[in-house]
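The values are calculated or read from the model by the stated rules, or taken from the named source; none is laboratory data. Just so it is clear, the model here is predicted, and its values are computed rather than measured. Heads up, the Cβs are rebuilt from the backbone with ideal geometry, glycines too, and the neighbour counts pull from every protein chain shown.
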Amino acid sequence: QTGYVTLDRGYKNTGATKSAITFLDGEQGILQYRGYSIEELAAKASFLEVAYLLIYGELPTQEQYATFETAIRRHTLVNEDMRKIFDGFPVSAHPMSVLSSLVSAMSAFYPDAQDEKGSEDRHIIRLIAKLPTIATWSYKRSLGHPTNYPKNNLDYISNFLNMMFALPVEEYKVDPVVAEALNVLLILHADHEQNCSTSTVRLVGSSQANLYSSISAGISALWGPLHGGANQEVIEMLEAIKADGGDVSKYVDMAKNAKTTGFRLFGFGHRVYKNFDPRAKIIKKAADDVLSKLGVNDPVLEIAKGLEEAALNDDYFVQRKLYPNVDFYSGIIYRALGIPTNMFTVMFAIGRLPGWIAQWKEMRETKEPIGRPRQIYTGATLREFVPIEKR
Ligand code: SDX
């Protein structure tokens, strides 16, 4: 080895880049997008306004917003040949496998993304516009229902809800409570500095791979149960606790003996937040509000609160500063909105897309070098080849 290498597994103490997009303070539990607090944005902005802010650095004027939002409405249709790829998937395919594959396929339908300088904004619009359309295909087919086409007279979130839940046999009306809850959830997931999937997008993009391929890689990284896949794991864990009589202390104990039980509380802990995840606070409050407005009584909400209470009063969690993270309560709201468990991480991807795009764009604009970390070699020293007959 020439020179020396400092080993930092999982990059726990390594800054990979400089960025002006998102600020996190893990000790205080602070999250800001381009200097605006997540609390203000979740309460006052629309998801597309936040997408514009993350990608272009400023909140859009009315004119900029109209141009951006109109362009997105006009690009929600997906090339019909993409359906042939989709039709090749087994009905049981997890929606995240479909999403990462079809987003990667977009680089074949829009090859100018690889080499045409200045075509970036077109591909940014295409991705934001088409992801919801593609995302709904898996859900509709899992029900044996026909997929829906987007409608240009609907706003971004209403369009998604319509494609998810409309049926040819009856009129579908978007419930404003559902639309507003989704707007908040998508904003809360929009960016989170150099998390696993964002770092993946930046690393893939640093080789000059096109935007679609980079985002597809981000979707794959997000799927992992330790990352975005945790929101699905949380609901499955809460359901298991409910089925097992609702005794949360038993599960807290199992998590404390993770070394032997191999069990961990999904939705708890965070690499950066050593305090409450500010997003979890907002989502927990919204859960009570949305479920009561929708008249939904979901027993797992009380189980989740009980689990939080038990964990936050237990030394194991307190010492390790393990608090509920963004994934702990989000699934309870998604479920109340009628979104199935295997689509929860897809919802995370739709929310995180503008953040991935913003970070990829920043990496390109700041001319980041190709990412190529080193290692500490621990394998065999030099040895002679032995022909197979002598082994
Ligand atoms: C997201 O990075 C981001 O910003 C991600 C994200 C985003 O917006 O992009 O915020 C989204 O991914 C949220 C996290 C969702 N994942 C989960 O909820 C899965 C459960 N959480 C853990 O797997 C874990 O907390 C991580 C992956 C989130 C963080 O892992 P770290 O930072 O590598 O911490 P660690 O695994 O080294 O844990 C430190 C200690 C360990 O105990 P000791 O070895 O010190 O005795 O805490 C324990 C862990 O065993 N621990 C847990 C635990 N999380 C950590 N014990 C029980 N239950 C847990 N959930």
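Do we find that A190 is within 15 Å of the ligand (Cβ to nearest atom), farther than 20 Å from P132 by Cβ and small (G, A, S) in this structure? In short, no.
Please determine whether any residue of region 338-358 is touching a helix residue (DSSP H, G or I) at 6+ places or on another chain (Cβ under 7 Å) and more than 26 Å from N162 (Cβ to Cβ). Yes - at least one qualifying residue is present in region 338-358. Between K256, K242, the distinction of being farther than 24 Å from Y334 by Cβ and basic (K, R) belongs to K256 only.
Can you name every residue in region 232-247 that is outside any loop (DSSP other than H, G, I, E, B), more than 8 Å from the ligand (Cβ to nearest atom) and either modelled with pLDDT under 95 or under 19 Å from N195 (Cβ atoms) (or both)? Listed by number, the list holds a single entry, Q232.
For region 328-363, a residue qualifies if it is among the charged types (D, E, K, R) and either within 16 Å of the ligand (Cβ to nearest atom) or surrounded by fewer than 16 Cβ atoms within 10 Å (Cβ to Cβ) (or both), and exactly one does: R352.
Taken over region 313-342, the criterion of being farther than 19 Å from D289 by Cα and in a helix (DSSP H, G or I) is satisfied by D315, Y316, F317, V318, Q319, T341, N342. Of all residue pairs spaced 6 or more apart or on separate chains, those with beta-carbon atoms under 8 Å, a first member in region 224-248 that is in contact (Cβ under 8 Å) with a residue 40 or more places away in the chain and over 21 Å from T345 (Cβ atoms) and a second member that is part of a helix (DSSP H, G or I) and within 13 Å of the ligand (Cβ to nearest atom) are V248/L307; V248/A310. Need pairs with beta-carbon distance below 8 Å; first residue at pLDDT 95 or above and within region 208-222, second among the aromatic types (F, W, Y) and surrounded by 24 or more Cβ atoms within 10 Å (Cβ to Cβ); sequence gap 6+ or separate chains. Going by the 8 Å Cβ cut-off, the qualifying pairs are L211/W360; S214/W356; S214/W360; I215/W356; I215/W360; G218/W356; L222/F348. Among the candidates I72, I85, I55, I38, the residue that is in contact with a strand residue (DSSP E or B) (Cβ under 6 Å, 6 or more places away or on another chain) and modelled with pLDDT of 95 or more is uniquely I38.
Which one is nearest to the ligand (Cβ to nearest atom) among residues in region 249-275 that are surrounded by 15 or more Cβ atoms within 10 Å (Cβ to Cβ), outside any loop (DSSP other than H, G, I, E, B) and not aromatic (F, W, Y)? Residue satisfying both the conditions and the ranking: A255.
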